[in-house]
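For reference, the structure is listed below as structure tokens.
The values are calculated or read from the model by the stated rules, or taken from the named source; none is laboratory data. Bear in mind that the values here come from a model prediction, so they are computed numbers and not experimental data. Positions of Cβ are generated from backbone atoms using ideal geometry, with glycine treated the same way; all protein chains shown enter the neighbour counts. To get the accessible areas, we keep the full protein, side chains included, count just its heavy atoms, and leave off ligands, DNA and RNA. Shrake-Rupley method; radii C 1.70, N 1.55, O 1.52, S 1.80 Å.
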Amino acid sequence: MATEVLWYIIPREGAYPWETEGRRTVDLGYLTRLAGTVEQLGYSGALLATDLYDVWPLGSALAAATTRFKPLLAVHPGLISPTLLAKMALSFDTLFGGRLRFNVVNGSTKSLQEYGLHVEHDERYELSAEYWSIVKRLTAGEVFDHKGRFYDLKNAGASFRELKPVQDPHVPLWFGGSSPPGIEMAAEHVDVFLTWGEPPHLLKEKLERVRARAAAYGRTLRIGLRLHIIVRDTENEAWAAADRLLDVTSRATYARQLGDRVGEDGVGWQRQFRQHGGKVPARARDLEVHPNMWPGMSLFRPGPGTAVVGSTAQVVDRLKEFESLGVDTFILSGNPLLEEAYRVAETVLPALGARP
């Protein structure tokens with residue numbers, strides 16, 4: 001199967017949007033222009049991350065403004081009823097021609113408390129497994145009763161049984177987790193296993209565990225990789241761009257980003273953090289953990305912290321190295337999102353043979 005490449009869309013947009021002065025004004029017109037550009041350039045869609053705007057109105061607006069663009073909506077299980085989520089998903093797919101995909105986000109114990117959901121690390125995965133098993137059955141068109149640890153449903157799906165599934169067998173689930181409970185949940189329930197960027201030897205070991213656990217359930221998974229891209233004509237220009245990000249980031253942002261994550265129980269974050277140890281380097285390249293691999297993005301912002309930094313040829317080599325490990329899907333980003341969508345599409349995508 002040809003490589004699939006998605007882009008990234010988030011309302012906090014700009015050259016360095018974690019700082020007020022690095023953020024541009026974004027409105028619906030800008031976001032629909034960005035989605036249309038992503039579609040036109042040959043990306044299959046984009047990840048819509050949890051941020052200032054809820055992903056449902058944003059995803060609906062962008063789908064309405066495009067024809068092929070597939071939004072990958074980040075959704076936390078447990079915040080709304082799985083039956084209601086399934087009805088929303090079937091409605092979306094009916095209206096927009098089967099373009100919806102879910103990015104299953106398990107979050108952290110601390111972040112979910114804001115919404116009144118009090119579950120610890122391993123319990124989050126138990127909840128997620130039950131939640132998404134229900135959503136999968138409902139978006140496949142089933143009507144059923146269910147009694148589990150977290151949900152007791154009667155005649156679930158009956159009120160919207162006339163909403164027939166558009167995607168077969170259900171709305172696809174994309175998910176990333178690095179802990180044993182996360183990998184187990186992925187192996188049993190999801191369609192695409194997502195991971196953040198890591199040096200290839202670490203990623204290879206994790207993917208081998210994922211594949212082994214999926215095989216135990218008689219399943220195979222697609223593998224997706226989320227990466228930030230800093231690509232320039234030369235290697236020196238690319239690292240200079242990374243150096244600039246260090247220079248324009250305030251001490252307050254560094255303190256907030258690193259201090260807020262103290263005690264973080266997500267294993268994926270812990271694996272990212274170990275690559276820089278919470279230390280801000282004098283030069284970006286001081287943190288290079290593998291050729292062209294830079295974990296410095298997590299010094300500025302939450303979420304995936306690894307960037308591939310280099311010339312076009314070097315960035316393509318790194319992505320092909322990940323392809324050799326079985327990665328068939330990339331979710332890429334660069335700042336600003338609009339301009340870098342063009343740059344990556346014109347330099348990197350042709351070498352990957354990404355399918356539009």
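A few points about this structure:
- Region 129-178: C-alpha gyration tensor shape, a/c 1.5 cut-off, then a/b vs b/c: oblate
- Sorting the segments 216-228, 298-310 by their mean number of nearby beta carbons within 10 angstrom, highest to lowest, gives 298-310, 216-228.
- Solvent exposure of the chain as accessible area per residue, Å², 1.4 Å probe: 42
- Simple label model, 7 Å out from Cα along Cβ direction - residue 40 to residue 143, nm: 4.6
- Three-way shape call for region 159-247 based on the alpha-carbon gyration tensor, with the a/c threshold at 1.5: oblate
- Cross-link pairs 70/206; 136/206; 70/204; 87/154 - those with Cα-Cα distance over 19 Å: 70/206; 136/206; 70/204
- The simple Förster model, with R0 at 45 Å and r as the Cβ-Cβ distance, assigns residue 152 and residue 27 a FRET efficiency of 0.55.
- Bridge orientation summary for the chain: considering DSSP beta bridges with both residues in this region, about 15 percent are antiparallel.
- Debye, to nearest 20: dipole size of the chain, +1 on Lys, Arg Cβ, -1 on Asp, Glu Cβ: 300
- Short-range pairs are left out: with C-alpha atoms under 8 Å and at least six residues apart, the relative contact order of the chain is 21 percent.
- Entry for Rg and Dmax of the Cα atoms in Å (calculated from the structure that is shown) out of (1) 21.8, 65; (2) 21.0, 75; (3) 19.9, 62: (3)
- Efficiency of FRET from Cβ geometry, residue 247 and residue 68, R₀ 41 Å, rounded to 0.05: 0.55
- Helix-derived mean residue ellipticity, 222 nm - over the chain, DSSP H n ≥ 4, -39500 (n - 2.57), to 500: -13000 deg cm²/dmol
- For region 19-96: rounded, prolate or oblate by the Cα gyration tensor [a/c cutoff 1.5]: oblate
- Cα centroid of region 144-195 to Cα centroid of region 1-73, whole Å: 25
- Relative contact order %, region 100-257, counting alpha carbon pairs below 8 Å whose residues are six or more apart: 18
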